[in-house]
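Some notes on the structure that comes next.
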Amino acid sequence: MPMTETLPPPDNSLRAPDVARTLDRLHRRARTDLFRIALVAPFVVPDFLGLRKTDDSRLSKHMRSVYIPVSRSQGQMLYLIARSIEARRIVEFGTSFGISTLYLAAAAKDNGRGVVVGSEIEPSKHAKAEEHLREAGLDGFADVRLGDAMKTLADVEAPIDMVLLDGWKDLYLPILELLKPKLRPRAVVLADNIFTFRKALRPYVAYVQSGANGFVSSTLDISDGFELSVFTG
Ligand SMILES: C[S@@+](CC[C@H](N)C(=O)[O-])C[C@H]1O[C@@H](n2cnc3c(N)ncnc32)[C@H](O)[C@@H]1O
């Protein structure tokens, strides 16, 4: 008599078919980012080179078709760190089309009763991120807020277990300062693109690495530089 196998619920939601399929598709699409950036280069390069003060909403409008996501390795790392510290409230600055949000929402789900609070200033990207979370079946574990993160993340409840900083670079430090009073001891803060925006992010890196502001921190040579900081209070 054939045995009917009852599979246990997956303990890694990144392996759930809807999640894996959605992530595969989005990472594939993001591979052609360079082409889309080239099309808008005249409008965005002065911002990225720090030649003018960035208007986040204007820059995000020009970049509305560009994914610029975390890599798969970074995504896996986000998921595993969130699992290892049992993160239940995760805050993300810069959601874009929701690739990083999917990794974090998967961890929030697997940790039980968790949520990732995302932020996206560009309405079309915000709508797409929500659609992708629904497709992956993770919309119940994410609350992506539309608007300027300095405002939309101001009332996130404490305690915050984990933060991903991945919006435009001038706001990394202000967003960290906004969230810092709500960080729980040993909260983990990750900040992307440290090598690409070395000059713009120098004040941020100095802040978290100085030892004077309640963090231990190192720049990891992953993708284009991933700053990993632990809040020591
Ligand atoms: C590098 S992308 C984020 C990629 C995303 N974390 C991922 O891995 O898929 C940066 C995003 O931050 C958004 N952003 C920039 N400044 C913002 C602000 N002040 N408030 C909210 N979102 C912002 C941009 O519109 C853009 O979509």
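Can you name the residue in the range 117-128 that is within 11 Å of the ligand (Cβ to nearest atom) and within 13 Å of the chain's Cα centre (by Cα) and, of all such residues, is nearest to ALA142 (Cα to Cα)?
GLY118
Within the range 175-209, the set of residues being farther than 22 Å from TYR103 by Cα and of a type in the set (S, T, N, Q) comprises THR196, GLN209. Looking across the range 76-109, the residues that are closer than 15 Å to LEU133 by Cα and either part of a helix (DSSP H, G or I) or away from the ligand (no atom under 13 Å from the Cβ) (or both) come down to ILE99, SER100, THR101, LEU102, TYR103, LEU104, ALA105, ALA106, ALA107, ALA108, LYS109.
Here VAL189 fits the description: modelled with pLDDT of 95 or more, on the phi < 0 side of the Ramachandran plot and not in a helix (DSSP H, G or I). Residues that are crowded, with 17+ Cβ neighbours inside 10 Å, of a type outside the set (Val, Ile, Thr) and within 8 Å of the ligand (Cβ to nearest atom) within the range 39-73 comprise ASP56, LEU59, SER60, MET63, TYR67, PRO69, listed in sequence order.
Among the candidates ALA154, ALA191, ALA158, the residue that is surrounded by 19 or more Cβ atoms within 10 Å (Cβ to Cβ) and more than 10 Å from the ligand (Cβ to nearest atom) is uniquely ALA191. When GLY50 is tested against (1) without any contact (Cβ under 8 Å) to a residue 12 or more places away in the chain; (2) on the phi > 0 side of the Ramachandran plot, exactly one condition is not met: (1). For ARG21, the criteria (1) in a helix (DSSP H, G or I); (2) within 23 Å of LEU146 (Cα to Cα) hold in every case but one, which is (2). Picking from residues in the range 74-114 that are among the hydrophobic types (A, V, I, L, M, F, W, C) and surrounded by fewer than 21 Cβ atoms within 10 Å (Cβ to Cβ), the one that is farthest from the chain's Cα centre (by Cα) is ILE85.
The values are calculated or read from the model by the stated rules, or taken from the named source; none is laboratory data. A quick note: this is a predicted structure, and the numbers were derived from the prediction, not measured. Because the Cβ atoms are built from the backbone with ideal geometry, glycine has one as well, and the counts that use them run over all protein chains shown.
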